[in-house]
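Student: The structure that follows is given in the form of C-alpha cells.
Since every read-out is calculated from the coordinates, none of them should be taken as a lab result. None of these values were measured; they are calculated from a predicted model. A quick note on method: Cβ atoms are made from the backbone with ideal geometry, for glycine too, and the neighbour counts reach across all protein chains shown.
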Amino acid sequence: MKILPLFFILAVFSACGQPTSDTSGPGEVKQASAVRPYFGVEEPLLAFVHATVIDGTGRGLAKGQTVVVRAGRFSAVGPDGEVEIPQGAKLIDAGGKTLIPGIVGVHNHLHMPGQPFTGEEAAKLYLASGVTTIQTCGAAVPYLEMKLAGRISDGLAAGPDVVASGPYFTGPGGNPQMVIPQSEAAIRDTIRYWTERGVEWFKVYRHIRPEDLAIIIDEAHRRNARVTGHLCSVTFAQAARIGIDGIEHGLNSASDFRNNKTGGLCDGSREYIDSLDISGEEVGRLLQLLIDEGVFLASTLSIYESGIPTRAYADERTLQAMAPALKADYEERRARYDETMETGAVRERRLKRIMAFERRFFQMGGTLAAGADPGRHNLPGYGDQRNYELLIEAGFIPAEAVKIMTGNGARVLGKPDIGTIEAGKRADFVVLEGNLAQKPSCIRNVVQVFKAGYRYDPVALIREVEGKIGE
Ligand SMILES: [Zn+2]
C-alpha cells in the first residue's frame, strides 16, 4: 500500500501529542487568566449604554442602544431606557463607540507563504483585530493547527476560536506539498483520519481533478465535514453541481469564463476578467446556480489588493508587526512594483470587477462571507479589517459589510450561536472608537474585544507580536 508523503509526515507528528478535543468553556479560561492577564479578564455582568450597534443581521445601524452581557451571553439588546439594567452590572458608557459582532473570518489561515505555521502570534493578532472565530481554510500543518485550537479553547493561548482544517487536496501538476490523491481509498482514508481528530473543513486547490473532488465531498459530508475550494481545473458550475459547500476568491478563480480552457485542467487565460459582462446573463445564470445549490462565496479582497502595485503599501502598524524577513520581502517587492506601475491599472480594473461580481451575488441573495487570506503585507486580522474598508469601496452599505464579515461567516460555519449581537447569543463582539457607519477606517480602532465572557486588550496583544508576524 502506498502512503501519501504528507499524510505520513503528519502521522508522525501525532507522537508529539494529541490535540485536545475538549471544547471547554470559560471555566478553564479563568484559570489561565490568573497566570497571564492579557489572555482576558472575566466580565460576568456588563451593561453598555449609549452605544451605536451594527448587529450583523443586515439590519441598519441603531443608535442609543443598551447591550447587557451576562456570563458571556447577550442577555438584552435594545434602546436606552427600554432595556433594564440588572443590579450589580458594570455600567459602561459607550457613547461615541460602535459595537459590532466579533469577526468570523472564513479564509483565515494559520500559515503564510513561506511559513507553514504562523502560530500563537497570528492568533493574537487576529483577536486584537476583532476576529473572534476563524475557519482556517486549509492547513499546511494540520496537527499544529489543531493543537493551537485546543490551547485556545483551554484558555492557554489567546486567539479566536479556531475551526481547524485538514491538509489541502490538489491534483497532478499541483503544489507537491499538498495531498495529490493516489486512489479513492486513499482519499477516504485521509478524510477519515483527520475528521476523527477534529477537522471540520477540507480545502481543495487549483489542480484538483473533478472525479477526486466528488469523492472528497462525498466522504467529507458523510463525516459531517465541509469542503471549500480555490478552484481552477474545476469550474464553479461543475463544483456546485458536485456538491461543494463554498468557493474562495470569487471571480478571480472562476475558470468558467477562461478562454482556451481544457475540461478538468487548470489552464487557459485569466483575461476573461477584463471583458466579462458582470451584469450580463451568463454571470447571472452562474450566480443563480451557486445560490440554488447552496454554495457560499468567500470574499478575499484584501489579499488581491495587496498585489496591486498602486495600492500595495504596508501601513505603519503592519510594518511594526512584520518579522524582519517578511518586511525585507515587502521592501524588495515594493521596489520591483515601483518599476512596473503600469500593471497596476490592469489589476485595479480587475479588482473593481471582482467587487462587482460579489455585489451581484449578494444582491441576488447569495451568502457572501469574507476572510483575510494572509500573505504579502496583508496580515492576519489587519487583512480582515482592510476587507471591511474594501467591501465599503465595493458599494456595500455598512450593515451589509458587517453582516458579510460576521453573521454570514457564522452561517457558513453552521454556528448559529455567534455572528450577531442579539439576545441569547454568545457575546463575541468588538468595541470600536467612533462611528463605523460614517468612517470605514473605524474598523481599525479596536478598543476592546470580547469573546465568551472575557475581555481582551488589543494594545497588549499587539505589543506581544511586534516584529514577529511571518517569522
Ligand atoms: Zn488562501
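Student: Cα centroids of segment 253-314 and segment 329-390: how far apart, whole angstrom?
Tutor: Segment 253-314 and segment 329-390 have Cα centres separated by 13 Å.
Student: Calculate how many DSSP beta bridges within the chain are antiparallel, expressed in % of all such bridges and rounded to the nearest 5.
Tutor: Close to 50 percent.
Student: Mind sorting 442, 137 by how few other Cβ atoms lie within 10 Å of their own Cβ, fewest first?
Tutor: Lowest count first: 442, 137.
Student: Which of 457, 189, 292, 373 has the fewest other C-beta atoms within 10 Å, and how do the rest follow up to the most?
Tutor: Ordered by Cβ neighbours within 10 Å, fewest first: 292, 189, 457, 373.
Student: Alpha carbons only, please: Rg and Dmax for segment 105-145, in angstrom.
Tutor: Just the Cα atoms of segment 105-145 yield Rg and Dmax of 9.5, 25 Å.
Student: Please work out the ratio of the alpha-carbon Rg of segment 30-174 to 2.2 N^0.38 Å and round it to two decimals.
Tutor: Output field value: 1.28.
Student: So what is the orientation-averaged projected area of segment 211-319, using the convex hull of its C-alpha atoms, in nm²?
Tutor: 9.0 nm²
Student: By the scheme Lys and Arg +1, Asp and Glu -1, what is the net charge of all other residues having a beta-carbon under 15 Å from that of residue 458?
Tutor: Spelling it out: positives minus negatives among the neighbours equals 0.
Student: Tell me which residues come under 5 Å, amide H to amide H, from residue 161 once H is placed; ignore anything under 5 positions away on its chain.
Tutor: 133, 134
Student: Could you quote the convex hull projected area for the chain, Cα atoms only and averaged over all directions, in nm²?
Tutor: That works out to 21.6 nm², a quarter of the Cα hull's surface.
Student: Show which lysines lie in cross-link reach of residue 415 when reach means a straight Cα distance below 25 angstrom and same-chain residues fewer than eight apart are skipped.
Tutor: Within the straight-line limit of under 25 Å, residue 415 reaches these lysines: 30, 124, 147, 203, 403, 425, 451.
Student: Past the 16 angstrom mark, what percentage of all C-alpha to C-alpha distances in segment 297-343 do you count?
Tutor: 44 percent
Student: Now for a different question. If you fit an axis through the alpha-carbon atoms of helix 26-35 and take the longest principal axis of the Cα set of the chain, what angle between them do you get, 0 to 90°, nearest 10?
Tutor: The answer is roughly 80 degrees.
Student: Could you give me the percent of Cα pairs per 5 Å distance bin for segment 408-460, shortest bin first, beginning at zero and ending with the bin that holds the maximum distance?
Tutor: Going from the shortest bin to the longest, the percentages are 4, 19, 20, 22, 22, 12, 1.
Student: Counting only other residues whose beta carbon sits under 11 Å from that of residue 258, what net charge do I get with K and R as +1, D and E as -1?
Tutor: Within the 11 Å Cβ shell, the charges total -1.
Student: Turning to a different aspect of this structure: If neighbour count is taken as other Cβ atoms inside 10 Å, put 469, 134 in order from fewest to most.
Tutor: Arranged by neighbour count, lowest to highest, 469, 134 become 469, 134.
Student: Here is a follow-up. Counting each DSSP H run of 4 or more residues in the chain as -39500 (n - 2.57), what helix-only mean residue ellipticity at 222 nm follows after dividing by all residues, to the nearest 500 deg cm²/dmol?
Tutor: So the calculated ellipticity at 222 nm is -11000 deg cm²/dmol.
Student: Please label the shape of segment 364-448 as rounded, prolate or oblate, based on the square roots a ≥ b ≥ c of the eigenvalues of the alpha-carbon gyration tensor (a/c under 1.5 means rounded; beyond that, a/b larger than b/c means prolate, else oblate).
Tutor: Rounded, since a/c falls under 1.5.
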